[in-house]
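In what follows, a single structure is set out as structure tokens and then discussed.
Quick note: the coordinates plus some simple rules give every number you see, no bench work behind them. Source: prediction; values computed, not measured. Reconstructed Cβ throughout: ideal geometry from the backbone, glycine too, with neighbour counts over all protein chains shown.
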Amino acid sequence: MSEVLVTGGSGFIGAHCILQLLAAGHRVRTTVRSLARRDEVLAMLRQGGAVSTAELSFHAADLTADAGWAEAVKGCDYVLHVASPLPSHVPKDENELVVPAREGTLRVLRAARDAGVKRLVLTSSFAAIGYGHPSRETPFDENDWTNVESDDAQPYVKSKALAERAAWDFIAREGGGLELATVNPVAVLGPALGPDVSASITLVQALLDGRTPAAPRIYFGLVDVRDVADLHLRAMENPAAKGERFLAVAGEPMSMVEIARVLRQHLGQAGRRVPRLEMPDWVARALALVVPQMRGMLPMLGRRRRASGDKARRLLGWTPRPNEEIIVATAESLLKLGLVKP
């Protein structure tokens with residue numbers, strides 16, 4: 001089987017990609033910023049049901065430095081470049097996100113090209129597609145690009161859009177024989193594998209904890225992390241994926257209050273603190289003045305951004321789980337791991 005490098009193996013998507021690659025019989029390498037995180041990654045993989053990690057090796061490499069990347073990618077057939085900064089709050093300086101996302105992507109692309117890698121699959125985001133546009137009912141697809149000059153483009157959104165643009169420009173100008181495909185997920189939920197949960201998982205965690213007395217009027221497209229990992233593998237191996245972008249989205253966007261309704265319906269006593277009410281927009285704006293975590297949500301108030309995953313279904317045979325199953329699986333994993341306050 002193939003030798004595959006997964007960057008950012010300690011992350012939510014990266015760990016699930018490793019699980020599926022190992023299950024498919026591939027030899028896998030992964031990068032972490034420090035080898036001290038090796039045991040943490042192995043614990044996540046055990047939680048995810050990995051039978052054996054004998055075919056997994058670790059390399060220390062950071063997106064902000066050249067050291068380690070040539071060694072990590074040497075001899076690999078494919079690279080899944082998953083690692084990217086994902087903040088829990090809006091940074092004061094957007095370059096805290098933009099620079100490592102863009103320069104880190106170019107650093108991995110150069111190493112992959114120089115090592116003779118066949119194809120690199122980049123984990124981009126719906127953030128690179130659906131922001132900075134007027135409201136519309138027509139679903140966004142892979143032909144759309146975020147307008148990074150708009151007020152709608154928060155630092156994280158801008159970092160994903162600029163990083164993906166830089167990747168395609170690199171392939172066009174100096175990619176050599178390296179092929180590129182991108183996976184652009186909406187909000188990624190699904191089974192958590194450890195206590196260091198992603199920013200998207202904290203959405204469900206906050207609803208279960210009762211930290212959100214009323215749900216802001218915010219809408220999310222959803223996709224399960226297991227389906228995102230599956231799409232990475234399909235984009236890695238399928239010849240039809242060469243040079244293509246793939247939106248990863250399960251269905252119609254759901255509001256926070258709709259997500260809360262699913263939690264109450266399926267979790268019984270565990271869902272008793274989930275809010276029932278939708279928060280008026282003026283309250284959300286007032287709270288954002290004192291709660292930094294809410295500031296990044298302000299441009300999202302009332303915006304239902306629809307997206308189409310038809311291309312991945314049609315070209316790659318991808319079949320994602322439905323929204324309700326995704327939400328319940330996320331909540332059950334948080335409860336199982338004891339990550340919801342009693």
Q: Please enumerate the residues belonging to region 1-29 that are among the β-branched types (Val, Ile, Thr) and touching a His at 6+ places or on another chain (Cβ under 7 Å).
A: Val4, Thr7
Q.
Can you say whether Val121 is touching a residue at least 40 places away in the same chain (Cβ under 8 Å), of a type in the set (A, V, I, L, M), outside any loop (DSSP other than H, G, I, E, B) and within 17 Å of Gly251 (Cα to Cα), as far as the supplied structure shows?
A. no
Q. Which residues, counting only those in region 34-58, are closer than 23 Å to Ala112 by Cα and in contact (Cβ under 8 Å) with a residue 40 or more places away in the chain?
A. Phe58
Q. Of everything in region 128-159 that's in contact (Cβ under 8 Å) with a residue 40 or more places away in the chain, farther than 25 Å from Glu174 by Cβ and of a type in the set (Gly, Ala, Ser), which residue is surrounded by the fewest Cβ atoms within 10 Å (Cβ to Cβ)?
A. Ser135
**Q.** Subset of region 201-217 that is under 22 Å from Ser84 (Cβ atoms) and in contact (Cβ under 8 Å) with a residue 60 or more places away in the chain - its residue that is nearest to the chain's Cα centre (by Cα)
**A.** Ile201
Q | Matching option when the condition is of a type in the set (A, V, I, L, M) and surrounded by fewer than 24 Cβ atoms within 10 Å (Cβ to Cβ), among Ala15, Ala23 | A | Ala23
(Q) If Leu80 meets every condition in (1) over 17 Å from the mean Cα position of the chain (by Cα); (2) closer than 29 Å to Gln154 by Cβ; (3) outside any loop (DSSP other than H, G, I, E, B) apart from one, which number is that one? (A) (1)
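Given the options Ala250, Ala284, Ala181, Ala192, name the one that is assigned to a helix (DSSP H, G or I) and either closer than 30 Å to Thr105 by Cβ or small (Gly, Ala, Ser) (or both).
Numbers: Ala250 fails: assigned to a helix (DSSP H, G or I); Ala181 fails: assigned to a helix (DSSP H, G or I); Ala192 fails: assigned to a helix (DSSP H, G or I).
Answer to the selection: Ala284.
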